[in-house]
Amino acid sequence: MTGLFKILIVDDDADYRETYKMLLSKKGYNIDTASSAEEALQMLDKEYFPLIISDIMMPGMNGVDFLKQVKNLYEKNVEVIMVTGYGSIETAVQTMKTGAFGYFIKSHNPEELIMEIEKVHKIYSLQSINKINKNNEKSKYLFTSKNKEMQNVYELVNRVATSNSNVLITGESGVGKEIIAQMIHEKSNRANMPFIPINCQYFSTGLIESELFGHEKGSFTGAASKRIGHLEEANGGTIFLDEIGDMDESTQVKLLRVLETKQIERIGSNTLIDVDFRLVTATNKDLSKAVADGKFREDLYYRINTIEIKVPPLRRRKEDIEDLIYFFINRFNREMGKGIKNIDEETKYNLLNYRYPGNIRELKNIIERLVVLSRDGIIKEDIFNDNKVSNI
């Protein structure tokens, strides 16, 4: 089984590394090893380990100096248990003062070490420990990918974010178009101003115009008070129009006028209001075909499509599925405090090989359900009465 609680064993003695790995793997933990402190630090830079078990006496950087580095870099987000074949009270006190979680002598009963590990795991399961990376939104989104197409998407996001160009994000439903829009906003010079998403599918013609442009009191039946529209609210920030392909033509005309003049009029008012927002739109439709069919205005299409970002479906990102599975398990594990430790191997196989017609949104919902219905810290697919994941 692949445990979600990852442990890094650091020891220059290969026999001890393999012994610890075998012992802890049998307990269901996911184990990686490093033969030196220097190698371990390189691994920590790329991957998050909530617990490190480190020898003290090692060539090069010794265990105590390694402990100091880890605590300086990761503080309480990474715990360290120090082990040694030559125990002394002085060394034990020194390591505990430096921030070690525990201290274990190799000649002692391994159950003592396992008990210390279980203490760390319990703390890890109860606390909201975020994966250490450079992503400011690491608790909400996974902004890394092993897939070349998706890497190109992130590269394009970084290039266009600092401009003021309108961006059209295309892709199937559930691929994460709103997340890409938020990335653009957060990497732009408008990041400290509002990001306002609107799904054009949710509103009728009259209602979406009120949502976008606002209205004056008494401008139509039910307008009991003045309302500020989202385009005005987004002044200085970013407006995200999701499923813009479903916007009716009359609203398209008004939106085009706003993009050309940078001014709006609230419904029921003749006063022009200056607005300054960055427009990001998204659709799962073929807008060029909609233009050809007369269902979408060509002039608006070219106005919103200065830069197009195409997000691939999850079935073309199979190398990312495992990371996404663990990301969502850890996210829901933190939110629900379920103490998830393992995922059943057959369940993992089925999750990795399912086609996900609903893309990342479907994967997220499946993982949430699996976490909610897990028992004894184990995620198993047999809780699916409808065999949704197994039917692949």
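The values are calculated or read from the model by the stated rules, or taken from the named source; none is laboratory data. Please read all numbers here as calculations on a predicted model, not as lab measurements. Glycine gets a Cβ as well: all are built from the backbone with ideal geometry, and neighbour counts include every protein chain shown.
Could you tell me whether the stretch 201-221 includes any residue that is of a type in the set (Gly, Ala, Ser), modelled with pLDDT under 90, in a helix (DSSP H, G or I) and more than 25 Å from the chain's Cα centre (by Cα)?
Yes, because at least one residue in the stretch 201-221 is of a type in the set (Gly, Ala, Ser), modelled with pLDDT under 90, in a helix (DSSP H, G or I) and more than 25 Å from the chain's Cα centre (by Cα).
Which of the residues that make up the stretch 74-97 are under 18 Å from Ala40 (Cβ atoms), crowded, with 17+ Cβ neighbours inside 10 Å and free of Cβ contacts under 8 Å to residues at least 40 places away in the same chain? Selection gives Val80, Ile81, Met82, Thr84, Thr95. Exactly one of (1) among the hydroxyl-bearing types (Ser, Thr, Tyr); (2) farther than 22 Å from Val160 by Cβ; (3) in contact with a Ser or Thr (Cβ under 9 Å, 6 or more places away or on another chain) is unmet by Thr261. Its number? Answer for Thr261: the failing condition is (3).
Hey, can you tell me all the residues within the stretch 224-250 that are in a helix (DSSP H, G or I) and closer than 22 Å to Glu172 by Cα? Across the stretch 224-250, the qualifying residues are Ile244, Gly245, Asp246. Answer yes or no: is there a residue in the stretch 213-228 that is surrounded by 15 or more Cβ atoms within 10 Å (Cβ to Cβ) and of a type in the set (Ser, Thr, Tyr). Yes, there is a match, as at least one residue in the stretch 213-228 is surrounded by 15 or more Cβ atoms within 10 Å (Cβ to Cβ) and of a type in the set (Ser, Thr, Tyr). Residues of the stretch 170-181 include none that is over 20 Å from the mean Cα position of the chain (by Cα) and either farther than 27 Å from Ala290 by Cα or assigned by TED's automatic domain parsing to the domain that holds Ser288 (or both).
Within the stretch 139-191, the set of residues being assigned to a helix (DSSP H, G or I), farther than 19 Å from Glu319 by Cα and among the charged types (D, E, K, R) comprises Arg159, Lys177, Glu178, Glu186. Every condition in (1) touching a residue at least 12 places away in the same chain (Cβ under 8 Å); (2) at positive phi is met by Gly294 except one, and the failing one is (1). Number of residues in the stretch 66-88 that are assigned to a strand (DSSP E or B) and either farther than 16 Å from Val10 by Cα or not charged (D, E, K, R) (or both): the value is 5. Can you tell me which residue within the stretch 269-284, out of those that are among the hydroxyl-bearing types (Ser, Thr, Tyr) and in a loop (DSSP other than H, G, I, E, B), is surrounded by the most Cβ atoms within 10 Å (Cβ to Cβ)? Top of the filtered list is Ser269.
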